[in-house]
Amino acid sequence: MSPTSSPTPTPEPARGAVAGLQEIAPQLSMFAFEQQSLTSDDYYTPKWIFDVLGLEFDLDVASPPAGPPFTPCRRYYTQKDDGLIQPWEGRVFMNPPFSKPEPWVRKFTAHRNGIAILAVSKARWMDLLWETDAKITLLPSNLKYETATGEAKGIFMPSLIMALGDENIAALAKLGKLR
């Protein structure tokens, strides 16, 4: 299947919609410009994770500029599309920018259907996530992401995968113990 980027619909604000979460101001735009070069956010989810999950996604909400290299998805949003302001439909996959994951986590928990991989480091969004009913599994401490140049590279902090939605949670259980 060849993923295609969809036209830019009317922006919608990202808001925490899970009971008990503090509301945030609308996120009107995450990015001021289209991605022109590689950044410290360019760490792609390894293919083996998708192989184990065995799912197809309707949408990759934070895809690399040339499209997702491994994500089995029908559509994707790049930095140019700004997936944070676009509507999310169906089962989503999210590997958000490591530099600012909190608004993405808020929108993901409000969407309630998908799987997300996140780097964990003394983050306020982790406190928010912990208060939801998302299921979580930790990934191996020696996890290697793939860079845009095809190099396998670890990061200095642990990573987790979270899921919302029954089918997504069942798939996530294939990766390890769930909390």
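Contact map, region 90-115: first residue closer than 16 Å to residue 55 by Cβ, second residue crowded, with 23+ Cβ neighbours inside 10 Å and among the acidic types (Asp, Glu), Cβ cut-off under 9 Å, separation 6 or more or different chains; pairs are 92/60; 93/60; 94/60; 95/60. For region 123-149, filtered to residues that are modelled with pLDDT of 80 or more and of a type in the set (Gly, Ala, Ser), the residue that is nearest to residue 98 (Cα to Cα) is 141.
Of these, 99, 121, which one is among the polar types (S, T, N, Q) and out of contact with any Ser or Thr (no Cβ under 8 Å at 6 or more places or on another chain)?
On the way: 99 fails: out of contact with any Ser or Thr (no Cβ under 8 Å at 6 or more places or on another chain).
One residue alone meets the criteria, 121.
Working carefully through the options 103, 64, 96, 87, find the one that is of a type outside the set (A, V, I, L, M) and closer than 19 Å to residue 172 by Cα. So the residue among 103, 64, 96, 87 that is of a type outside the set (A, V, I, L, M) and closer than 19 Å to residue 172 by Cα is 96.
The values are calculated or read from the model by the stated rules, or taken from the named source; none is laboratory data. This structure is a prediction, so every number in the text was calculated from the model and none was measured. Please note: Cβ atoms are built from the backbone with ideal geometry, for glycine as well, and neighbour counts cover all protein chains shown.
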